[in-house]
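Any read-out appearing in this document is the output of simple, stated calculations on the displayed coordinates, not a laboratory observation. Worth saying up front: this structure is predicted, and the values here are computed from it rather than measured. Cβ placement follows ideal geometry from the backbone for every residue including glycine, while neighbour counts extend to all protein chains displayed.
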Amino acid sequence: MKINIKSLFLTDNNYQLTSWLFLRGVALIYGIAFLSLAVQITGLAGPNGILPFYQTLNYAYMDNGWYAWFQIPTVFWLDASDVALKMAAYGGVLLAILLFFERWQFGALIGMYILYVSLFHAGDLFLNFQWDTLLMETGFLAIFLVRGGPNKLLIFLLHWLLFRFRFMSGFFKLYNGDPSWLDLKALDYYFETQVLPHAGSWYFHHLPHWMHTGGVLYVFFAELIVPFFIFLPRPFRIAAALITIFTQLLIMANSNHNFVNLLVIVLCIFLLDDRIIARLLPERLRARIQAAKLPKPTRLLKALLGISGVVIFVTSVAVFTSRIAPIHYPDFAKQIFTTARRVGIGHIFHVYGIMQVDRQELEIQGSNDGVNWYPYEFRYKPGPVNKRPPVNIPHQPRLDWMMWFLPPQRDTFWLRLLLERLQEGSPQVLQLFEYNPFEDHPPRYLRVVAYEYQFTTPVEKAATGNWWKRRYLGVFPYVKPRWP
C-alpha cells in the first residue's frame, strides 16, 4: 500500500467553516486558561509564592549551565518576577482576544503557545495536569491551521489527539486493575470523592445505585468504543462528536473540571464538517467565511508539519507502550520523546484511572497561643460543612486542586513551603485563600489537621442545611493515609 505524501497536505474544502469555528473555540479556551492563571500565578510561582520559579531556574543553571535553557524552555529566563509572570498571563489573554476577532492570527497562536509553555514550566506541579498538555498540543496544531489550512494530515493529528485523550482515559481505568472500576462501583464514590465537587455532585451522588452502575458502563462505552468512531466514515464521526459532547456536558453537570470539558468539545468540532457547521452559523457570517481563500501551505510549513506529525505520533505511541510493557528505546529516541513533552506535545492521558473511595480534607489552622486555632478558608475546596459546594468552571484554582493530592501522596515538601509563606504573611499566597483569620499579622503557630468528609443524606440536609458531614482524624501527616 503506497501513501501519497502530497495528498496529506491537500486542503480539504469541506472544513473551511469548521476551521473558523475551531479557531474561535481555541481562542476562547486559551483566554480562559490564561485569565485563570493571571489571578493566581504570582502566589504559585512568584518570588514570594509557594514554589518561586526564579529559584528553580537558578538551580538548573548552576547544575547544567546554558543547557538548562534547553531543559526548561521558558521566556522567564529573562525575568521571573511577579510583573513578568502576570504580563505573560494577561498577554496571553490579549492574544486570545486578537485570535477570536481574526486579527494577527498566526502571530497570536505562536505567542500564546510560547507563553503557555513558559507558564507550564513556571507553575511546576501546579500546572502538571493533563488538560494543560492537551491545551498546548491543541494550540500547537492550530498554528498550522492558520497558515496551512485544514489538510488531511492536520485533521488526522487533531483526531489523534482527541482519540488519545478519550481512549487512554478508559484504557487505564481497566489496566490499573482498580476494583472500583472493575466492579462497576466507581460512581458510587466519584461524585463525593472527586477533587472539587459542586452542588450538582451532591444530587448525582444520591441517584439510585443502578444508575451509578449504568453510568460506569456508559463511561466504558464512551471512552473505549466511541473513540474508534473517530477514524470511521462520516456517520460514525458525527456519532462520536455527539456522544462525546453529551458526555462532556454531563460531566460539567456533576463535576468541577475547569476548562477541560470545553476543550474536548472544541476538539470535537473537527469531527464535523461544513455541511453541519453551516447550520450553526448565521448566513452573513457563513458567506463571509466562505468568500475567503483557504491558505496553501508553503514547503517549509509542510516540512515542519510533517516532522511535527511524526514526532507527536511516535512519541505518544512510545510513551503509551512503555507504560504497559517493558520496552527499552535507544537513548536518542528517549531524548526526542522527552524534548517533545517538554514543549507540550506527544503526551498520554489517564483521567481518573484510579478511583478514591474516601474523602480526606486537610484544613490549615493558625494560632497565637497554641490553644485557640482558626482555619484558613479556601475558595473552592470543601471546608465549612454548611457551605454550598461552588461551581468554578471554567476556572482552575490550582492550590485548592493540589490540596486534594496530599493525603494519598503524603509528600509534604510544597505544603511546608506553603506554611512558610503563611507565616511570612506573603500577600501573593494569601490572595489564594477566601479567608485569612490573621489579617493584622501572621500567627505564631500553624498546623494542618485532617477530616474525613461525606455528603449528607437528603434527610440530614433537610434537617441541618449542611451539604457535608465530617469526622476529625488528627494532625496531618500523622493520620491513617487515604487509600488509594
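Rounded, prolate or oblate, given the Cα gyration tensor of the stretch 259-326, with a/c below 1.5 counting as rounded? In terms of gyration-tensor shape, oblate. Computed extension gain for residue 285 through residue 416, at 0.36 nm per residue and net of the alpha carbon distance, reaches 41.7 nm. For the stretch 2-55 versus the stretch 223-253, the inter-centroid distance based on Cα atoms is 22 Å.
In order along the stretch 318-331, the Karplus-derived 3J(HN,Hα) couplings, from 6.51 cos²θ - 1.76 cosθ + 1.60 at θ = phi - 60°, round to 5, 5, 5, 5, 5, 6, 10, 8, x, 9, 10, 9, x, 4 Hz, and Gly and Pro are given as x.
Rounded, prolate or oblate: which one fits the stretch 46-106, using the alpha carbon gyration tensor with axes a ≥ b ≥ c (rounded when a/c is under 1.5, else prolate when a/b beats b/c, else oblate)? Note, shape of the stretch 46-106 comes out oblate. Here the stretch 434-484 is described by how far its Cα atoms reach on the three principal axes: 42, 31, 15 Å, from widest to narrowest.
For the listed peptides 364-375, 160-171, a ranking on the average number of other beta carbons within 10 Å per residue, highest first, reads 160-171, 364-375.
Using alpha-carbon positions, what is the distance between the centroids of the stretch 150-177 and the stretch 58-126, in Å? Between the Cα centre of the stretch 150-177 and that of the stretch 58-126, the gap is 26 Å.
For residue 378, the residues whose modelled amide H falls within less than 5 Å of its own, excluding neighbours fewer than 5 places apart on the same chain, are 434. When only the Cβ of Lys, Arg, Asp and Glu is charged (+1, +1, -1, -1), the dipole of the stretch 5-342 relative to its Cα centre reaches about 1440 debye.
Considering only 443, 475, 154, and ranking their Cα positions along the charge dipole of the chain that arises from unit charges at the beta-carbon of Lys, Arg, Asp and Glu, the one farthest toward the positive end is 154. Fully extending the segment from residue 199 to residue 67, taken as 0.36 nm per residue of separation minus the present Cα-Cα distance, adds 42.7 nm.
Summing +1 for each Lys or Arg and -1 for each Asp or Glu among the other residues whose beta-carbon sits under 14 angstrom from that of residue 318 gives +3. The 3J(HN,Hα) values that the Karplus relation (6.51, -1.76, 1.60; θ = phi - 60°) gives for the stretch 458-471 are, in residue order, x, 5, 5, 5, 5, 7, 10, x, 7, 8, 10, 10, 9, 10 Hz. Gly and Pro appear as x. Would you work out if the stretch 359-475 is rounded, prolate or oblate? Take a ≥ b ≥ c from the square roots of the eigenvalues of the alpha-carbon gyration tensor; rounded if a/c is under 1.5, else prolate when a/b is larger than b/c, oblate otherwise. Since a/c reaches 1.5 and a/b is larger than b/c, the shape of the stretch 359-475 is classed as prolate. Here's how it looks for residue 456: its modeled amide H is under 5 Å from those of 468, 469, which are all 5 or more places away or on a different chain.
Net length available on complete extension from residue 368 to residue 335 is 6.7 nm, with 0.36 nm assigned per residue and the Cα-Cα distance removed.
Considering the dipole of the chain built from charges on the beta carbon (Lys and Arg +1, Asp and Glu -1) around the Cα centre, which of 232, 395, 339 is farthest to its positive end? Going by the Cα projections, it comes out as 232.
For the chain, what ratio Rg/Rh do Cα atoms give with a Kirkwood hydrodynamic radius? Using Cα coordinates only, the ratio equals 0.98. Using 1/(1 + (r/R0)^6) with R0 = 41 angstrom and r between the beta carbons of residue 424 and residue 6, what's the FRET efficiency to the nearest 0.05? Here the calculated transfer efficiency is 0.10. Every pair of different Cα atoms in the stretch 115-221 enters the Kirkwood calculation, which places the hydrodynamic radius at 16.7 Å.
From the alpha carbon centroid of the stretch 454-484 to that of the stretch 329-399 is 19 Å. Quick one: Debye curve from the alpha-carbon atoms of the stretch 402-469 only, equal weights, vacuum; give me log10 I(q)/I(0) at q = 0.22, 0.23, 0.26, 0.28 Å⁻¹ to two decimals. Each listed q maps to, in turn, -0.99, -1.02, -1.14, -1.23.
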